[in-house]
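Let me begin by presenting the structure, written as structure tokens, before commenting on it.
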Amino acid sequence: MSYSTINTITLFFAMLAMLAAAVTVLIAVSALTGDRLGVIRSLRSVAVELAAAVAVTSTVGSLIMSEVLNYEPCLNCWIQRGFMYPAAALLAVAAATKRMVLVKAAGILALIGLPISIFHRYEQAVGVEIGGLCGDGAPCSAKYFEHFGFVTIPTMAGIGFAAIIALVLVAVRAPAATVAEHVSTDGVEPDEALV
């Protein structure tokens, strides 16, 4: 595969990460300002689907990086995958079944995965492996690429985790009246179901 093709693929995923980062920042700013612009209110009905899209895209992206572009994942990458892949499955099922417990579980996975991504990105920034997690295989401090002066694979994973956390919070913090109005046909209690 040519360098140009590889660069195009990695740039595409870096751009998707920047879009996810923008949505995450927009949600955070909106939450801090009392949702005056209605961003959270507007996203609430599709928050689980958007979180699922982020998680599935992150999963597919990591598989493309390793299986198509032949970037060997380091141990930190594998640990992050261990949190992202199940989050993607949980959110995809939650989007289809409307089960809030699955959304919350995916949020917990993202909360654990985010600091691992931050730690991994720090190792890349300083160019030194800390803690001896990576051995003879792929070094954790290696950068296969860097777009926009800072976006690397663990940066994208961290943004993915942060976006999932923000979107899960939007989904689970639905107004009580809206949740109470939910009528379930599958035996799921209203407090366990998505709006």
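The values are calculated or read from the model by the stated rules, or taken from the named source; none is laboratory data. In this text the structure is predicted, and so the values were computed from the model without any measurement. In this analysis, Cβ positions are derived from the backbone assuming ideal geometry, glycine residues included, and neighbour counts consider all displayed protein chains.
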A171 - would you say it is closer than 13 Å to A52 by Cα and either among the aromatic types (F, W, Y) or under 12 Å from the mean Cα position of the chain (by Cα) (or both)? no
Which residue, of T5, T10, T33, is crowded, with 18+ Cβ neighbours inside 10 Å and either out of contact with any Leu (no Cβ under 7 Å at 6 or more places or on another chain) or over 13 Å from I153 (Cα atoms) (or both)? T10
Hey, among A125, A96, A138, which residue is without any contact (Cβ under 8 Å) to a residue 60 or more places away in the chain, out of contact with any Ser or Thr (no Cβ under 8 Å at 6 or more places or on another chain) and under 28 Å from M1 (Cβ atoms)? A125
The range 92-141 - residue that is closer than 19 Å to V46 by Cα and of a type in the set (V, I, T) and, of those, farthest from the chain's Cα centre (by Cα): T97
Any residue that is at pLDDT 85 or above, hydroxyl-bearing (S, T, Y), in contact with a Phe, Trp or Tyr (Cβ under 6 Å, 6 or more places away or on another chain) and surrounded by 14 or more Cβ atoms within 10 Å (Cβ to Cβ) - is there at least one of those in the range 143-150? yes
Only one of S58, S62 is touching a Gly at 6+ places or on another chain (Cβ under 6 Å) and either of a type in the set (A, V, I, L, M, F, W, C) or touching a residue at least 24 places away in the same chain (Cβ under 8 Å) (or both), namely S58
